[in-house]
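Report on one structure; see the data block that follows.
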Amino acid sequence: MSETHASTTPLLDTIQTPADTRTLDLDGLRQLADELRTETIDAVSSTGGHLGAGLGVVELTVALHHVFETPKDVLIWDVGHQAYPHKILTGRRDRIRTLRQGGGLSGFTKRAESAYDPFGAAHASTSISAGLGFAVGRDLKGADNRVVAVIGDGALSAGMAYEALNNAGHLKSRLTVILNDNDMSIAPPTGAMSGYLAKLVSGQKYTSLRRAAKKMIENMPRSVKEAARKTEEFTRAMATGGAWFEEMGFYYVGPIDGHNLDHLVPILENVKDYADGPVLVHVVTQKGKGYGPAEAAADKYHGVAKFDVETGQQKKSSGGAPSYTSVFASELISQAKQDGDVVAVTAAMPSGTGLDQFAQAFPDRCFDVGIAEQHAVTFAAGLAAEGLKPFAAIYSTFLQRGYDQVVHDVAIQNLPVRFAIDRAGLVGADGPTHAGSFDIGYMGALPNMVVMAAGDELELRRMVATATQYDDGPIAFRYPRGAGLGLEMPEAVSPLEIGKGRVLRQGEDVALLNFGGRLSACQAAAEALDGHGLGVTVADMRFAKPLDTDLLKQLVHHHKAVLTIEEGAMGGFGAYVLQYLAAEGALDTGLRIRTLTLPDRFQDQDSPEAMYAEAGLDADGIVRTVLAIMPAAARGLVTA
């Protein structure tokens, strides 16, 4: 960790709101930054979460709150996983060790949590669009506050960021964009000279001279005006590296050292009231800055479990069953060894989806396209059209961003893209922004789409094999976050028959129709209901589309009650079952049927177990639902 500057008196204890930082000089700000970094490390060591990104913006966070009058001035953090230092400075220090826990602070910015979080974010590349909305809204209302959007270089790989830059440059609204360059290093700073030039071109004398020069040549011929404009922009861009942003309509300042408060503070002071249009300040930072284990890590401690501060050793659980993600990756590698047409696509999540393992085995057949889900889907469609077998491995929550491409470029053309939908269902600590709640409905709504869900890790392997062999159109399979059930694995697996489920337990009273990762809860509920004298059938339906209608009719005909169970929102598997049964007239027979889904609201973060219990999708919840409908139904006294 970095050394404390100036006084050894703890400054952080005196900071209740960002306004308290505005009384500090540069020495005080440096001391505050050091203490803020230490506090962030200590807090995340006890909660887990995103660490490296936050450590990289400690000085920037201090400088922004010192220079701008938040929350009157709007400060928007892109993605939000770097906002832990921001939360500490904005009155949430006393709750920072509740991060990502039930009833605690969100791991991302959240409007309902604080006035200092004007815009919630957990998906990348939204900050400039939102910031422009705030800026235009301010202008329409005649207000005079400032708007700042902080975006990382990685987030610039998304098309949405470019759309926003283009529109902001066109509208010429007063907006400050901070480009936090912590990886790509578009134009690395060149020491003191770079900082000097940045302060020079952001200063009032330079910008006043620039405006005076523009006025002076206003009445000159267009050719002279255009030549002067290009000369000034070219000269400044050559010195500072921002020609591209200038072409987008931004006044570019930088690059500057994002850890040097001597540069950050005066430059932000210079640009905060720049009135001739949007300005972009390019700061270069280091992920994990100030914490040795994070600086040395390949991923800069992007996301960590609880850890020991002294050693950096993460306290991850040892042993146990492999994760669904690793099972998917292993089986995809096995299929690729047998089939040279298998390729894989990910959108900036190679380790999260397990495709880093695939890339090690097949570096020429794995493609990380950056934070660009729309491109990932259409790129995969092009691969499929060329005769390859693309697997697009994308989290359920992120696939939402590429849905138009799933419809237009894949489904309408009936191209055999294989969608491996990771993080299906609830994800615990990351909360509603990352929950995979909607893919059953939005994928199942599409003609030509096959939709599967794995009840256990062996079924996931079989679905990977099924998707590899399926060439009749697009196919999707979903699987949850976390560890599997610990099943014994055969060396090889066979593919499934499309649209066919399986019965795991036979009873005569109640049929539980599982779709996806609630299979073990269904089995536990069946055991419990046996103690209540009820015979329970457990069917793992495997397919939401096409439904196994033969099995469905059989189960409906031979049971007094049917429950569908899925870890997805309303409008998914249960809705497909109801629609089929209604069309067949099966709902007119006195059948008692219930659809168990996630609740029709966004659930805040908690442990997955607590969240599923709250949703009524654990074994106890299933038992309660059955007992609520069966006493009367079993006696034949209730009709549907």
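The values are calculated or read from the model by the stated rules, or taken from the named source; none is laboratory data. Predicted model only: the values in this text are computed from it and were never measured. Cβ: placed from backbone, ideal geometry, glycine included. Neighbour counts: every protein chain shown.
Of everything in segment 102-117, what is assigned to a loop (DSSP other than H, G, I, E, B), under 18 Å from the mean Cα position of the chain (by Cα) and of a type outside the set (Asp, Glu)? Give them in sequence order. Give the steps one after another, and end with the answer.
First pass over segment 102-117, keeping only residues assigned to a loop (DSSP other than H, G, I, E, B): 102-108, 110-117.
Now narrow it down to the ones that are under 18 Å from the mean Cα position of the chain (by Cα): 105-108, 110-111, 117.
Selection gives 105, 106, 107, 108, 110, 111.
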Exercise. Test residue 489 against the criterion of being among the hydrophobic types (A, V, I, L, M, F, W, C), closer than 21 Å to residue 324 by Cβ and surrounded by fewer than 19 Cβ atoms within 10 Å (Cβ to Cβ), and give yes or no.
Key: yes
Practice problem: Just give me the residues in segment 363-403 being charged (D, E, K, R) and either in a helix (DSSP H, G or I) or in contact with a strand residue (DSSP E or B) (Cβ under 9 Å, 6 or more places away or on another chain) (or both), in sequence order. | Solution: 364, 365, 368, 373, 389, 401
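The rows are residues; the columns are (1) crowded, with 23+ Cβ neighbours inside 10 Å; (2) touching a residue at least 12 places away in the same chain (Cβ under 8 Å); (3) acidic (Asp, Glu); (4) touching an Asp or Glu at 6+ places or on another chain (Cβ under 8 Å).
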site	(1), (2), (3), (4)
246	no, yes, yes, yes
249	no, yes, no, no
252	yes, yes, no, yes
265	no, yes, no, no
275	no, yes, no, no
282	yes, yes, no, yes
Quiz item: Can you tell which of 263, 259, 302 is under 27 Å from the mean Cα position of the chain (by Cα) and at pLDDT 90 or above?
Solution: 259
Quiz item: List the pairs whose first member sits in segment 579-598 and is touching a residue at least 40 places away in the same chain (Cβ under 8 Å), whose second member is polar (S, T, N, Q), and whose Cβ atoms are under 6 Å apart, counting only residues at least 6 apart or on separate chains?
Solution: 590/639; 598/437
Exercise. Looking only at segment 543-554, decide whether some residue is in contact with a Leu (Cβ under 9 Å, 6 or more places away or on another chain), closer than 18 Å to residue 460 by Cβ, buried (at least 19 other Cβ atoms within 10 Å of the Cβ) and of a type in the set (Gly, Ala, Ser).
Key: no
Self-check item: Among the candidates 29, 55, residue that is in contact with a Lys or Arg (Cβ under 6 Å, 6 or more places away or on another chain), under 22 Å from residue 182 (Cα atoms) and part of a helix (DSSP H, G or I)
Solution: 55
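Residues checked against (1) aromatic (Phe, Trp, Tyr); (2) part of a helix (DSSP H, G or I); (3) over 20 Å from residue 499 (Cβ atoms):
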position	(1), (2), (3)
537	no, no, no
547	no, no, no
582	no, yes, no
594	no, no, yes
600	no, no, yes
610	no, yes, yes
Quiz item: Does any residue in segment 408-432 that is assigned by TED's automatic domain parsing to the domain that holds residue 388 and in contact (Cβ under 8 Å) with a residue 24 or more places away in the chain come within less than 7 Å, Cβ to Cβ, of a residue that is part of a loop (DSSP other than H, G, I, E, B) and among the β-branched types (Val, Ile, Thr) six or more places away or on a different chain, and which pairs are these?
Solution: 410/417
Quiz item: Hey, does segment 31-48 have a residue that's surrounded by 23 or more Cβ atoms within 10 Å (Cβ to Cβ), in contact with a strand residue (DSSP E or B) (Cβ under 7 Å, 6 or more places away or on another chain) and more than 21 Å from residue 263 (Cβ to Cβ)?
Solution: yes
Quiz item: Are any of the residues in segment 598-616 in contact with a strand residue (DSSP E or B) (Cβ under 9 Å, 6 or more places away or on another chain) and farther than 30 Å from residue 422 by Cβ?
Solution: no
Quiz item: Does residue 149 qualify as being over 17 Å from residue 283 (Cα atoms), crowded, with 18+ Cβ neighbours inside 10 Å and touching a residue at least 40 places away in the same chain (Cβ under 8 Å)?
Solution: no
Quiz item: When you go through (1) surrounded by fewer than 24 Cβ atoms within 10 Å (Cβ to Cβ); (2) among the charged types (D, E, K, R); (3) touching a residue at least 40 places away in the same chain (Cβ under 8 Å) one by one for residue 78, which number turns out not to apply?
Solution: (1)
Quiz item: Residue check: is residue 295 surrounded by fewer than 20 Cβ atoms within 10 Å (Cβ to Cβ) and farther than 13 Å from residue 51 by Cβ?
Solution: no
Quiz prompt | Members of segment 133-152 found to be among the hydrophobic types (A, V, I, L, M, F, W, C) and either over 14 Å from residue 277 (Cα atoms) or assigned to a helix (DSSP H, G or I) (or both), listed by number | solution = 134, 135, 136, 140, 143, 149, 150, 151
